[in-house]
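Read the structure below first, then the notes.
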Amino acid sequence: MTITSIKSTKASVTRITTMALLFTLLTGSCLAKTSLEPDLASPAPLPVTYTSSSIVIDGKVDPIWQQAQWQPLDKLILGVAPTAEDFSGRYKLLWREDKLYLLAEIIDDVILDQTADPTVRYWDDDCLEVFIDQDASGGEHQFNHNAFAYHVAIDNQVADYGSNQTAMTFNQHLQSRWMRDESNPKVIYWELAINIYPATYNDNLASDHPKQVKPIVLAANDIMGFMLAYCDNDFSKQRESFVGSHNIRPINGDKNLGYKTADVFGKIKLVK
């Protein structure tokens, strides 16, 4: 074989290798773009507007809520995807130094509360679930207060797990009230005023000396972990749908992770 032939053969191999590499990169890029996986890249914290006026928690949509933008409550976490008539929801947030305020608009054709005890299977009744991580640190919180997963029942009682690994009420942590829309009774307006507590919250101290346990004072530029969800059940023993405000990447097919880890929460930023 001549030197010219050897050079020609090497050049052909180089061109083939280069083309194969380019093809791999291009097809990989296309596959990435056409993936059906949700985009779970961490977005910028949602800005929450300050309000200088106090908010009356009565389930009525006062003009003060015009300061805030509606946010969707439409990410399926567990169960079957509900129809629009069965359930749909959205929410708004505002803040003052003493509290975080939430307004939820819920469309639910059946409101169910089958368990009278607020600490028993509360997740199988219709309820709002508010997830708060005061310092946005993330991490496990199922049996500690690194974060809270407040289940707000339709009788306005609030439940979560305590550090003793049993469910307990946290009614002093937030004020709740909902009312049906006068013109459309399937629409519920649900208002909450939420006290924000740090990870150092102690159940025993709060029980024995409640005046010594105080919520933090909120300030502009505070960033907190936050997620909202709704448990929807019409007539079943177990909830039929669990719908949230944020996409959750499943672990072994399970998206119901918010009550265990704050890593799946979104983030909000208080602005003034």
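The values are calculated or read from the model by the stated rules, or taken from the named source; none is laboratory data. What you are looking at is a predicted structure, and each value in this text was computed from that prediction instead of being measured. Every residue, glycine as well, gets a Cβ built from its backbone with ideal geometry; the counts of neighbours run over all protein chains shown. Heads up: the accessible areas ignore ligands, DNA and RNA and are worked out on the full protein's heavy atoms, side chains in. Shrake-Rupley method; radii C 1.70, N 1.55, O 1.52, S 1.80 Å.
Miscellaneous remarks
- Matching residues, the stretch 54-97, being open to solvent by 70 Å² or more (accessible area, probe 1.4 Å) and assigned to a loop (DSSP other than H, G, I, E, B): Ser54, Val56, Lys60, Val61, Gln69, Trp70, Asp74, Val80, Ala81, Thr83, Ala84, Glu85
- Of everything in the stretch 37-53 that is part of a loop (DSSP other than H, G, I, E, B) and polar (S, T, N, Q), the residue that is modelled with the lowest pLDDT is Ser42.
- Scope the stretch 249-270; condition in a loop (DSSP other than H, G, I, E, B) and surrounded by 22 or more Cβ atoms within 10 Å (Cβ to Cβ); matching residues: Gly258, Phe265
- Subset of the stretch 238-260 (residues that are touching a Leu at 6+ places or on another chain (Cβ under 9 Å) and not aliphatic (A, V, I, L, M)): Arg239, Ser241, Phe242, Gly244, Ser245, His246, Asn247, Arg249, Pro250, Asp254, Lys255, Asn256
- Search result, residues across the stretch 189-198 that are open to solvent by 10 Å² or more (accessible area, probe 1.4 Å) and either at pLDDT below 95 or under 17 Å from Asp98 (Cα atoms) (or both): Asn195, Tyr197, Pro198
- Selection count where residues are more than 20 Å from the chain's Cα centre (by Cα) and open to solvent by less than 50 Å² (accessible area, probe 1.4 Å), scope the stretch 169-188: 2
- Residues (assigned to a loop (DSSP other than H, G, I, E, B) and touching a Cys at 6+ places or on another chain (Cβ under 8 Å)) located in the stretch 117-136: Asp125, Asp126
- Which listed residue, of Arg121, Arg96, is of a type in the set (D, E, K, R), over 18 Å from the mean Cα position of the chain (by Cα) and at positive phi: Arg121
- Any hit, the stretch 166-188, residues being at pLDDT 95 or above and among the acidic types (Asp, Glu): no
- Residue in the stretch 223-232 that is open to solvent by 50 Å² or more (accessible area, probe 1.4 Å), of a type outside the set (Asp, Glu), modelled with pLDDT of 95 or more and more than 30 Å from Leu112 (Cα to Cα) present: yes
- Flag for Tyr101 being buried (at least 22 other Cβ atoms within 10 Å of the Cβ), in contact with a strand residue (DSSP E or B) (Cβ under 9 Å, 6 or more places away or on another chain), within 28 Å of Lys237 (Cα to Cα) and hydroxyl-bearing (Ser, Thr, Tyr): no
- Search result, residues across the stretch 239-261 that are among the small types (Gly, Ala, Ser) and closer than 30 Å to Ser52 by Cβ: Ser245
- A count restricted to the stretch 111-148 and to residues that are open to solvent by 30 Å² or more (accessible area, probe 1.4 Å), among the small types (Gly, Ala, Ser) and modelled with pLDDT of 95 or more stands at 1.
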